[in-house]
Structures are given as C-alpha cells and as structure tokens.
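Scroll down for the structure; my scribbles are underneath it.
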Amino acid sequence: MFNKILIANRGEIAVRIIRACREMGIKTVAVYSEADKDALHTQLADEAVCIGKAQASDSYLNMERILCATIATKADAIHPGFGFLSENSRFASLCEKCNIAFIGPTADIIEKTGDKSQARNTMIEAGVPVVPGTKEPIFDAKTGEQYADSIGYPVMIKAALGGGGKGMRVVRAKEEFESNFNNAQREAVNGFGDNSMYIEKYVEHPKHVEFQILADHYGNVIHLGERDCSIQRRHQKMIEESPSTALDEATRKAMGEAAVNAAKAVKYRNAGTVEFLLDNKNNFYFIEINTRIQVEHGVTELVTGIDLIKEQIKIAAGEKLSYAQEDVVLRGAAIEIRINAEDPSKNFAPCPGTIKDMHIPGGNGIRIDTAVYTGYTIPPYYDSMIMKVMAYDKDRESLIKKIRSVLGEVIIEGVTTNLDFQYDILNNERFISGDVNTDFISNEFGL
Ligand code: ADP
C-alpha cells in the first residue's frame, strides 16, 4: 500500500480523498494555490505545498509544479480527483515516467477513451450499442451537413475531445447546421485545443443513465449499478439519484453487462463511469466513458456501501478487486443535490464571495460533502459547486421527503446559491413522480 498520497485537486473532492487516506492510514499532501491558503483541504492534509498563483493554469493545472511537489514530499502516488488534470493523458504519462502511481487508468486508456469519436468505434466493435453517428472525425461544416442530411434531423454536433457540455449543439433543421457546427467547433478549439467533431442522431427526451465501474489490474471488472443524471441544465448535471426510476430488472441487467463489456473493450483500469442515453422505448446507447471519479460517486456509495475512493487507491496499489459482481447489492435509494454559488435569476452566473454564516444539517441517512465553512471566501477562479447534499432512504418516496426536509434546513448566508431552485425541483410533481428526462429543466422551468 502507498505510504503517502498527493492530492492534485481542491475543494470538497480533495477533502473527501484526504479523509479516505486518513482512514486507510496513508499520509496526505495537499497542493494549493495562493487563493487557497486558507482552504479546508490545505488545512486538513498532513503536509501542504503552495504550487502557484490563483489561476488554475498556474497551479492546479501546472503539471511540472505538481510533480515537483510530489517528488519533494516523497509521495508515492497522486490522486487527481475530478476536473483539472484527472483526464489528462499527458499528466498520467508523466506520472508513469516519474515512477509515481497515478490513481486512475493508464495514459493510454485515458487517451483512447478521451477521444469520444474513437471510443464510439471501439464500442461498435465490442457490440455495445451507440447512438447512430459518424465513424470518422469531421472537420468542416459542409461534410458534416451532408452526413446530417443522411441520418436525418435532429442531430447533435459534438467535439471529439469535449466535456462538461462544451462544444456541443443540437440542430433541428438543415438551415441551422452550418452556424451551429462552426460555433461548436470554435468552442472545441478554445476549450480543448482540437477541432475534430462528430455527429450523432439526437435522441429525443432521453434519460441520462450511467453505470459505475470498478476494474483491477488483472482483468476483473464489475459494475456498481446505475445513477440517473437526467436532471441537467444545459447538459450539466444538477441532481443525481440511484436507482433510476426508468429501469426494470431486465434493462438494468442488460445495461450493466454492456457497461462491463465497454470497460473490458478498452482494457479499463480503476474506477470509471460508462454513460448511456435511454430512450422512451428502453433502448440504450453508449455516449462516453469518464475515466475518473465522478462528482456524483457518493450516490453509488450510499446504495452499495462501497467506498469508491478507497477502492480506487487499493486498485492503483495493485490489489485485486475485493468484490465480485454478486457481492454488489443495491439497497434503498440515494440522491445528490449539487449546491452551486451561482445566481439562477442572472442566468446562473457564478457568485463568489464570503460565507457570513451557515448551517449544515445532519440526521439519519444524510451525507454532506463540502469544503466551505463560516468565514470562508469562495474564490472566483474555480468551479462554483460548493456543497453536495446527499440522502439515503429505503425507497424513493421516503427519500424525496427526506431530501426536501434536509434541503429546507441548509443555510448559506453571504453568497447567492441555487438552493431555492433545487428546492423547487424537489417540489415539482413531475420530478416527484419520477417522470424525468434531460429536457426536464427546460420544459418545467423554461431554462
Ligand atoms: P460531456 O462529456 O460534455 O458531458 P456527453 O456526451 O456526456 O458530454 O453528453 C452530455 C449530455 O448531453 C447528456 O447527458 C445528454 O443530456 C446530452 N446528449 C449527449 N448526446 C446526446 C444525443 N445524441 N442525443 C440527445 N442528447 C444527448
């Protein structure tokens, strides 16, 4: 087992990883930017190293500084968390070269799955259903339009290296194709430094259902059930739950097997997520593999009782999976509400600032992951997510009552958040009945 792990991240996920390490008797090193010298992760780790200025490019994305901090503190592994360098194959490869264990898949796997267009082809070969779409990358609007004509509208234009809902456009008619393609491509070049695009049939009113995967270094792969992440605003998740209201046992089994096959097709290692779209006829289509721990991993932890961060660390240290598929039992229901420092009345613009006062509830079946505290100033440089409010109960009906009750107790003063907006979703009749899809927010709230 590792002696010391450096956490190349910040915020609640860094805190989550530090806690798991402490429970496992592993020493921790935090890295922090100048803006994060008072951050919780900086204070909680056994050691903390300042790696540069506030801008992420000068700190949390600065590979050389993070590697230097790892070598200087004699840490033997790096946990990248999510975002920042977590899906950067060059960083994983540099870790490999420096003899530092990267807690995640190999650089080669990250590269193969990070190109979503290439991953689609691998899945087709492995017999995993994908949304009908292009096999080759597309670089210009004219070629794209010809293809869109052949599969029929509506279509989805996507960046091959895209993520976080960026570089993505829905096109409903031929006249709108060219401008949408050019805008999406521009976003892709700015965001991911790459202009390869691909086109998929747009699946109408789908649910986003993803499967959590664990894979060790010896070819063992299991899944830990699904998370329904259909509550999204502009293709970004806001609420996640498990189990999905949409799945019967047969579909769950088929999707779970497809997810395991998808992971095996790329010789996957460590924790990962296989994302699918599910249409209203229970057809499911692979959309991508995320090669990192997800924001919403806690939902799976609540229904399986398996600590995903500890499993990631054990796998990276070369241990065999401690669970076989039949050991994974999904019990009850769990949900996660993402609380962001943002203003829903101003188009969800980020609202950094100082937290004047706060109340974090607790109680039976409640889990709150956060790195903010009273007096803490949320810096403007990073993601606006400041808290994940999670709950667990025996079934969805009790769960919704519980999460509504707990959310009603949360107090965060001094910064504007999406708390009230989330509360409105939890009181929406369609949501309560489980009738959700990725159009839910736009249909119900006109956003
Ligand atoms: P990203 O990596 O940027 O998050 P994904 O490929 O995972 O992008 O897609 C994000 C979301 O976009 C999905 O959850 C879904 O809501 C929507 N989406 C993606 N592809 C399609 C499609 N072909 N049809 C309909 N919706 C889609």
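Structural remarks
- Complete set of residues in the stretch 185-213 that are away from the ligand (no atom under 11 Å from the Cβ) and closer than 25 Å to residue 257 by Cβ: 211, 212, 213
- Only one entry in 155, 170 is in contact (Cβ under 8 Å) with a residue 40 or more places away in the chain and either not assigned by TED's automatic domain parsing to the domain that holds residue 184 or not hydroxyl-bearing (Ser, Thr, Tyr) (or both), namely 155.
- Extreme residue, most open to solvent (accessible area, probe 1.4 Å), among residues of the stretch 75-97 that are in a loop (DSSP other than H, G, I, E, B) and either assigned by TED's automatic domain parsing to the domain that holds residue 298 or of a type in the set (D, E, K, R) (or both): 87
- Some residue of the stretch 194-205 being in a helix (DSSP H, G or I) and open to solvent by less than 20 Å² (accessible area, probe 1.4 Å): no
- For the stretch 38-60, taking the residues that are more than 19 Å from residue 378 (Cβ to Cβ) and assigned to a loop (DSSP other than H, G, I, E, B), the one that is most open to solvent (accessible area, probe 1.4 Å) is identified as 46.
- Every test in (1) of a type in the set (Ser, Thr, Tyr); (2) in contact (Cβ under 8 Å) with a residue 40 or more places away in the chain; (3) under 28 Å from residue 446 (Cβ atoms) is passed by residue 291 save one, and that test is (3).
- Consider the stretch 21-37 and keep the residues that are part of a strand (DSSP E or B) and not small (Gly, Ala, Ser). The one that is farthest from residue 386 (Cα to Cα) is 27.
Condition check ((1) open to solvent by less than 40 Å² (accessible area, probe 1.4 Å); (2) touching a helix residue (DSSP H, G or I) at 6+ places or on another chain (Cβ under 6 Å); (3) touching a residue at least 12 places away in the same chain (Cβ under 8 Å); (4) not aromatic (Phe, Trp, Tyr)) across all residues:
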{"residue": "356", "(1), (2), (3), (4)": "no, no, yes, yes"}
{"residue": "361", "(1), (2), (3), (4)": "yes, yes, yes, yes"}
{"residue": "375", "(1), (2), (3), (4)": "no, no, yes, yes"}
{"residue": "383", "(1), (2), (3), (4)": "no, no, yes, yes"}
{"residue": "388", "(1), (2), (3), (4)": "yes, no, yes, yes"}
{"residue": "393", "(1), (2), (3), (4)": "yes, yes, yes, yes"}
{"residue": "414", "(1), (2), (3), (4)": "no, no, yes, yes"}
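- Members of the stretch 61-74 that are charged (D, E, K, R) and either surrounded by 15 or more Cβ atoms within 10 Å (Cβ to Cβ) or touching a residue at least 60 places away in the same chain (Cβ under 8 Å) (or both): 65, 74
- The one condition in (1) surrounded by 15 or more Cβ atoms within 10 Å (Cβ to Cβ); (2) touching a residue at least 40 places away in the same chain (Cβ under 8 Å) that residue 164 fails to fulfil: (1)
- Residue under evaluation residue 124, criteria (1) touching a Ser or Thr at 6+ places or on another chain (Cβ under 8 Å); (2) open to solvent by 60 Å² or more (accessible area, probe 1.4 Å); (3) within 16 Å of the ligand (Cβ to nearest atom), criterion not met: (1)
The values are calculated or read from the model by the stated rules, or taken from the named source; none is laboratory data. It should be emphasised that the depicted structure is a prediction, and the values quoted were computed from it without experimental measurement. With ideal geometry, Cβ positions are generated from the backbone for all residues, glycine too; neighbour counts draw on all protein chains shown. Calculation scope for accessible area: heavy atoms of the full protein, side chains included, ligands and nucleic acids excluded. Shrake-Rupley method; radii C 1.70, N 1.55, O 1.52, S 1.80 Å.
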